[in-house]
1. Given labels modelled 7 Å from the Cα in the Cβ direction, how far is it in nm from A:Val34 to B:Phe126?
2. Net charge near B:Phe122, counting Lys/Arg +1 and Asp/Glu -1 over other residues with Cβ under 12 Å of its Cβ?
3. Can you put A:His42, A:His95 in order of accessible area, largest first, using a 1.4 Å probe?
4. If r is the Cβ-Cβ distance from A:Ala24 to A:Ser154 and R0 is 25 Å, what FRET efficiency results, to the nearest 0.05?
5. Let me have the relative contact order for chain A, percent, based on Cα pairs under 8 Å that are six or more residues apart.
6. Near the amide H of A:Phe50, under 5 Å away, which other amide H atoms are found, from residues 5 or more places off or on another chain, if H is placed in the peptide plane?
7. Restricting to chain A, compute how many DSSP beta bridges are antiparallel as a %, nearest 5.
8. If DNA, RNA and ligands are ignored and the probe is 1.4 Å, what is the ranking of A:Tyr96, A:Tyr60 by accessible area, most exposed first?
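The values are calculated or read from the model by the stated rules, or taken from the named source; none is laboratory data. Computed from a predicted model, the values in this text were never measured in an experiment. Positions of Cβ are generated from backbone atoms using ideal geometry, with glycine treated the same way; all protein chains shown enter the neighbour counts. Ligands, DNA and RNA are stripped out before the accessible areas are found, and what is left, the full protein with its side chains, is counted by its heavy atoms. Shrake-Rupley method; radii C 1.70, N 1.55, O 1.52, S 1.80 Å.
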Amino acid sequence: MTDTTTAPARVRWWQLFIWLGVFAVLGVVAWQLVRSRAGSLHVGQAAPDFTLTAFDGQTYHLADLRGKVVVVNFWASWCQPCRAEAPDLENTWRHYRDRGVLFVGVGYADTDTEALAYLKGFGISYPNGPDLGTRISQAYRITGVPETYIVDQSGRLAFAKQLPTTQAELMAAIDPLLNK
Amino acid sequence: MAKRIVLLLLAAAALAATIAWAAGAAWAQAPTPSDNDVNRVARQLYCPVCQNIPLDVCPTDACAKWRADIRDRMAAGWTDQQIMDYFVAKYGERVLSNPSTRGLNLLIWLVPPIVVAGGLAFWWQFLRRAAVRPAHAAAAPPPPADPYVAELEKELEERR
């Protein structure tokens, strides 16, 4: 009678290394796919925190602005719809500036020269700054410009619009927050 | 005579100083960067907002402004690397046509050669095993004779 037992297969270390590498790459790809399918932010979500250094040197940290209504607008000087909504944003800001509302403009993928010329041209008086490294844009998962988000006093999104907005829309969103 | 030599030496020194000053002034003014200079950097960058379009060939007005930004910085004496670092700081690493080697981007550089090496190693192992198998097959002993088969073959031979 022959001995039919066989010695267990020995896993070589380089085979283990290769399989680990394959699973690691698949894990990264899966993670990126999940991230890319996450979609835009929606009302009710916690607003992603950010720090913006404005063109005048002042720094704004969203987490420090709890208790205020914060309107975050993403724009660029090369963006025609941004130019169309710029007067509405400025007018709305002037209406609410002394009522616990802060407007913050985030310049997306723009040169400083063009951005400052844009702000001067439209007489924008609320804080604006460049989105260095597009970190804020990525945190807010913007798909283009303009996009406008309103963060309520508790840090949650109360308004999210991935298209140009108007003064009427902004006021309709802000008034209920101030009257709470 | 000595006085004449001293005067000549002083005049030569003054001339040399003047030439050195003029040359220094010329070198201090950076030449206006040419389109080729600008595109040398722009070619290594992508348009920050377009999909996969190199900055040197991007036709939009925004891209023209970014190329103008490169030209201004070159004229101010910035090096190519300083301009690239500025664009990365401003627009993120995705503007680089060659991914950086930091963070997860390192995988882009490491994975392809590892996969190729792994594939070659796999084929080498496969071919080695395939070469060993026929040798083993030749050394295998012949199957035992089947009496039924032998009888069948004998009858077939007789019927021919």
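1. According to this spin-label approximation, the distance is 3.3 nm.
2. Result for the neighbourhood of B:Phe122: +2.
3. Final ranking, largest accessible area leading: A:His42, A:His95.
4. According to the calculation, E is roughly 0.05.
5. Computed over chain A, the figure is 28 percent.
6. When sequence neighbours closer than 5 places are left aside, the close amide H contacts are A:Leu62, A:Ala63.
7. Restricted to chain A, the bridges split so that about 55 percent are antiparallel.
8. A:Tyr60, A:Tyr96
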